[in-house]
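Heads up: the structure comes next, in structure tokens.
The values are calculated or read from the model by the stated rules, or taken from the named source; none is laboratory data. Computed from a prediction, not measured in an experiment: that's the story for all the values here. Cβ coordinates were reconstructed from backbone atoms using ideal geometry, including for glycine residues, and neighbour counts include every protein chain displayed.
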């Protein structure tokens, strides 16, 4: 899993385009995507409502998907409208909604465990230096790095609970 703003390989394409070409491998690739649950948990953490098929690329050279277009997460003009200044707020998770009906009860608990592990790794991030390279300004000119870092740090404590609510399973401690 990696962020990308350009195609990682010359023959990579958006998953949406791969599906539209009626490629029989497309659904098999998606079903075999080892990082799917991690991406769902990541999108919950960053409150990304917009992980559509066109927002990830498939790279045959890497046999993996590359995440692109995080414009509706965390920043920009949408933040006040979605109350993203409140890390406990529930947001839509398009990728989760696209697969939730396929998940068994056991698979939901496995997804919860992966989300727990991701949030444990996130707890060691030094949020004061997260944007040392000023990339937030490249995402959106009005981005406030301190607010984004504060949101991400506080959201760690809410992400798994919110995901469990979506899945309809209790969050066991």
Residue 134, sole failed condition from (1) over 26 Å from residue 65 (Cα atoms); (2) assigned to a loop (DSSP other than H, G, I, E, B): (1)
Report whether or not residue 128 is over 27 Å from residue 31 (Cβ atoms) and exposed (fewer than 12 other Cβ atoms within 10 Å of the Cβ). yes
Can you pull out every residue in the range 152-163 that is over 15 Å from the mean Cα position of the chain (by Cα) and surrounded by 20 or more Cβ atoms within 10 Å (Cβ to Cβ)? none
Test: residue 171 is touching a helix residue (DSSP H, G or I) at 6+ places or on another chain (Cβ under 8 Å) and farther than 22 Å from residue 33 by Cβ: yes
Out of (1) closer than 23 Å to residue 71 by Cα; (2) surrounded by 15 or more Cβ atoms within 10 Å (Cβ to Cβ); (3) at pLDDT 90 or above, the one residue 114 does not meet is (1)
Can you give me the ranges of the helices (runs of 4 or more DSSP H) entirely in the range 1-50 with at least 1 residues that are at pLDDT 80 or above and within 19 Å of residue 148 (Cα to Cα)? 36-45
Pick out the one residue from 83, 73 that is modelled with pLDDT under 90, touching a helix residue (DSSP H, G or I) at 6+ places or on another chain (Cβ under 9 Å), surrounded by 13 or more Cβ atoms within 10 Å (Cβ to Cβ) and closer than 14 Å to residue 147 by Cβ. 73
